[in-house]
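Asks: Provided herewith is a single structure, encoded as structure tokens, for subsequent inquiry.
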Amino acid sequence: MSFIMAERLQGKGASAPAHWADETAEKIIREKGDKESYTCASGITPSGTVHIGNFREIISTDLVARALKDRGKKVRFIYSWDNYDVFRKVPKNMPDTTELEKFLRFPITMVPDPWGRDESYARHHEVDVETMLPLVGIHPEYLYQAKRYRASTYAEGIRKALEHRETLKNILDKYRDEDHKIQGEWWPISVFCDQCSKDDTDIDGWDGEWNVTYHCNACGRKETVDLRSAKGVKLGWRVDWPMRWEYEKVDFEPAGKDHHSQGGSFDTAKHVCKDVYGWDAPITFRYDFIGTKGIPGKMSSSAGNVIDLKDVLRVYTPELARYLFAGTRPNTEFTISFDLDVIKIYEDYDKTERIAWKIEAAKDEATYRKERRIYELSQLEGTPAVTLSGSPPRQVPFRHLCNLIQIADGDIEKTLASLLAAKDGPKPEQLPSLRARAICAKYWIDECAPDEFCFQLRPPGETVLLSDTEKAAIRSLRDDVIAAIENFVDDKSCAEAIYKVAEKHSLDGKALFRAAYQALIGKDQGPRLANFLRSISKERLMGILAAY
């Protein structure tokens with residue numbers, strides 16, 4: 001049972017929403033009426049890689065849908081692939097751009113897949129998204145607009161637009177200055193030529209019923225088509241969008257800040273929806289852009305540094321990926337980091353998790369409710385963590401896990417085995433989530449982490465040039481500290497013993513640390529020394545330092 005449902009059962013339904021998704025859900029119910037079921041919508045044109053900025057709309061819709069479900073409502077989450085849009089330009093990060101250019105002005109769904117994997121260019125990008133969304137617990141109902149238009153599903157909506165042509169023209173011109181108002185004859189539709197498939201066509205007339213006549217400038221074809229059977233007639237997107245709001249009875253759909261600018265597409269769509277199609281526009285909010293930071297050149301599978309959900313999930317577990325968005329208001333711009341900030345993001349998530357499970361106290365009740373709700377919405381539906389049932393997840397800090405993986409020479413299974421072997425090791429049921437985090441940590445170390453963070457333990461017998469004093473101190477570190485490493489109950493007691501070695505040889509603590517790191521990993525700096533020594537097997541440490 002979710003936190004929201006539990007509160008409602010306890011008679012706390014009137015308390016202030018703990019999360020922006022809950023605020024939006026309550027607004028939908030308030031303004032659209034208290035219904036049994038609601039429709040939430042999202043969508044995009046698959047004209048190129050669906051990047052992580054596009055994903056913000058998808059997960060924002062998902063979070064609001066979850067908030068509605070937590071209020072006992074049925075939700076239909078539809079995701080429209082606008083794959084009957086025109087292929088207007090070839091993105092820079094596509095292969096075989098010369099071949100793709102041959103299909104400019106075609107419907108995207110008729111452009112071949114340059115990778116040869118799927119039946120079309122559009123389908124390739126759709127599959128990339130549809131295979132990734134379940135990994136973060138998102139399962140929308142997909143609508144393919146090419147299929148719908150070619151089946152004349154929207155014939156009634158198209159005819160209504162033709163009947164209200166002047167009204168539509170006035171609505172579109174309302175927010176335009178004189179230089180940008182529609183000039184001359186204008187039609188709310190375009191046609192893909194039935195012969196050459198291009199949209200280089202002009203409308204010649206409409207008979208006031210179902211027949212539209214057009215001619216193609218590319219191949220010269222001229223014909224009259226019946227809207228009830230025509231495959232190539234399509235509404236312009238500023239009319240298409242609100243037409244589909246009414247057709248699908250959409251109650252909620254977010255949009256980017258470009259669409260929400262004053263006089264922008266959402267403003268015009270709202271008027272079209274009400275004045276032409278007789279449906280109130282959906283509840284909405286504006287979501288902001290997303291930046292990225294610390295991306296190495298080989299991070300993305302495609303050229304041009306286009307970061308998608310697959311790239312993010314290489315570094316962040318599904319729960320962390322959801323947390324990035326659930327923990328940030330949609331109208332706030334933020335950056336997804338791939339540099340050292342990754343460690344801080346994992347630490348922030350771990351703190352939220354501890355507060356949610358009441359392992360760590362929140363500063364007040366409001367903070368607890370907020371952090372618990374963020375944590376709840378970060379989890380995949382159907383998992384015990386959503387309802388905070390069973391054992392809490394076993395936390396291994398990301399930084400420490402990265403160190404353990406490097407100590408294990410990059411071997412994840414060896415790392416997990418060392419954790420299981422520890423006296424206070426994880427339970428078997430906690431292992432899958434730890435393995436998922438370890439896989440992300442390994443990728444981050446190999447592909448993203450700065451050089452100064454990475455290390456490799458020296459092989460036994462390999463030495464480094466040190467002063468006589470430093471060598472003597474290393475021997476003491478080996479014989480006085482490492483030889484008795486199992487006797488130290490925590491890092492603090494181990495650190496005190498290390499400082500005693502420095503005092504014994506009249507060395508500054510930093511000088512001893514530098515000598516120790518050089519002897520162990522060939523660097524001047526490294527992980528916190530006490531914890532580092534306690535994380536490595538005694539036999540391995542003794543072997544590395546035996547030559548001193």
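Asks: Please count how many residues of region 214-247 are assigned to a loop (DSSP other than H, G, I, E, B) and in contact (Cβ under 8 Å) with a residue 12 or more places away in the chain.
Replies: 11
Asks: Return the residues of region 172-213 that are under 24 Å from Phe87 (Cα atoms), in a strand (DSSP E or B) and not acidic (Asp, Glu); say none if nothing qualifies.
Replies: Hits for region 172-213 are Ile189, Ser190, Val191, Thr201, Ile203, Val212, Thr213.
Asks: Something else about it: Which one of these is modelled with pLDDT under 95 and buried (at least 22 other Cβ atoms within 10 Å of the Cβ): Thr61, Thr49?
Replies: None of the other options fit; the residue is Thr49.
Asks: May I ask you to list the residues in region 506-547 that are on the phi < 0 side of the Ramachandran plot, surrounded by fewer than 19 Cβ atoms within 10 Å (Cβ to Cβ) and either touching a Ser or Thr at 6+ places or on another chain (Cβ under 8 Å) or part of a loop (DSSP other than H, G, I, E, B) (or both)?
Replies: Residues satisfying the conditions are Asp508, Lys523, Asp524, Gln525, Arg528, Ser537, Ala546, Ala547.
Asks: Looking for whichever is without any contact (Cβ under 8 Å) to a residue 24 or more places away in the chain, at negative phi and surrounded by fewer than 16 Cβ atoms within 10 Å (Cβ to Cβ) here; the options are Glu486, Glu496, Glu452. Which one fits? Full working, then the answer.
Replies: Numbers: Glu486 fails: without any contact (Cβ under 8 Å) to a residue 24 or more places away in the chain; Glu452 fails: without any contact (Cβ under 8 Å) to a residue 24 or more places away in the chain.
That would be Glu496, the only listed residue that is without any contact (Cβ under 8 Å) to a residue 24 or more places away in the chain, at negative phi and surrounded by fewer than 16 Cβ atoms within 10 Å (Cβ to Cβ).
Asks: Ok, one more. Of the residues in region 210-232, how many are in contact with a helix residue (DSSP H, G or I) (Cβ under 6 Å, 6 or more places away or on another chain) and either surrounded by 14 or more Cβ atoms within 10 Å (Cβ to Cβ) or farther than 17 Å from Tyr154 by Cβ (or both)?
Replies: Final tally of qualifying residues: 2.
Asks: Next question, about the same structure. For Glu156, state whether it is of a type outside the set (S, T, N, Q), at pLDDT 95 or above and in a helix (DSSP H, G or I).
Replies: Working: of a type outside the set (S, T, N, Q): yes; at pLDDT 95 or above: yes; in a helix (DSSP H, G or I): yes.
For Glu156, the condition - of a type outside the set (S, T, N, Q), at pLDDT 95 or above and in a helix (DSSP H, G or I) - is met.
Asks: Residue pairs, Cβ under 9 Å, 6 or more apart or interchain, first in region 158-170 and touching a residue at least 60 places away in the same chain (Cβ under 8 Å) and within 15 Å of Pro242 (Cα to Cα), second among the acidic types (Asp, Glu) and part of a helix (DSSP H, G or I). List them.
Replies: Cβ pairs passing all conditions: Ala161/Asp240; His164/Asp275; Thr167/Asp275; Leu168/Asp275.
Asks: Continuing with the same structure: List the number of the failed condition for Ala161; all other conditions in (1) more than 24 Å from Pro282 (Cα to Cα); (2) out of contact with any Phe, Trp or Tyr (no Cβ under 7 Å at 6 or more places or on another chain); (3) buried (at least 18 other Cβ atoms within 10 Å of the Cβ) hold.
Replies: Just one mismatch for Ala161, condition (1).
Asks: Can you confirm whether Leu457 is touching an Asp or Glu at 6+ places or on another chain (Cβ under 9 Å), surrounded by 16 or more Cβ atoms within 10 Å (Cβ to Cβ), of a type outside the set (Asp, Glu) and closer than 28 Å to Ile445 by Cα?
Replies: Judged against the criteria, Leu457 is a match.
Asks: Any residue in region 513-524 that's farther than 12 Å from Thr463 by Cβ: show its pairings with residues that are surrounded by fewer than 23 Cβ atoms within 10 Å (Cβ to Cβ) and of a type in the set (Gly, Ala, Ser) at Cβ separation under 6 Å, as long as the two are six or more apart or on different chains.
Replies: Matching pairs, first to second residue: Tyr517/Gly526.
Asks: Return the residue satisfying two criteria in turn: it lies in region 16-39 and is among the aliphatic types (A, V, I, L, M) and within 10 Å of Phe252 (Cα to Cα), and of such residues it is surrounded by the most Cβ atoms within 10 Å (Cβ to Cβ).
Replies: Ranking the candidates gives Ala25 first.
Asks: State which residue pairs qualify: first residue without any contact (Cβ under 8 Å) to a residue 12 or more places away in the chain and inside region 425-446, second residue not in a helix (DSSP H, G or I) in any location, beta carbons under 9 Å apart, and separation of 6 or more residues or different chains.
Replies: Going by the 9 Å Cβ cut-off, the qualifying pairs are Gly425/Arg394.
Asks: Of everything in region 371-401, what is aliphatic (A, V, I, L, M) and surrounded by fewer than 17 Cβ atoms within 10 Å (Cβ to Cβ)? Give them in sequence order.
Replies: Matches in region 371-401: Leu380 only.
Asks: Ser261 fails exactly one of the following numbered conditions: (1) under 28 Å from Gly53 (Cβ atoms); (2) not in a loop (DSSP other than H, G, I, E, B). What is the number of that condition?
Replies: Result: Ser261 passes all but (2).
The values are calculated or read from the model by the stated rules, or taken from the named source; none is laboratory data. It should be emphasised that the depicted structure is a prediction, and the values quoted were computed from it without experimental measurement. With ideal geometry, Cβ positions are generated from the backbone for all residues, glycine too; neighbour counts draw on all protein chains shown.
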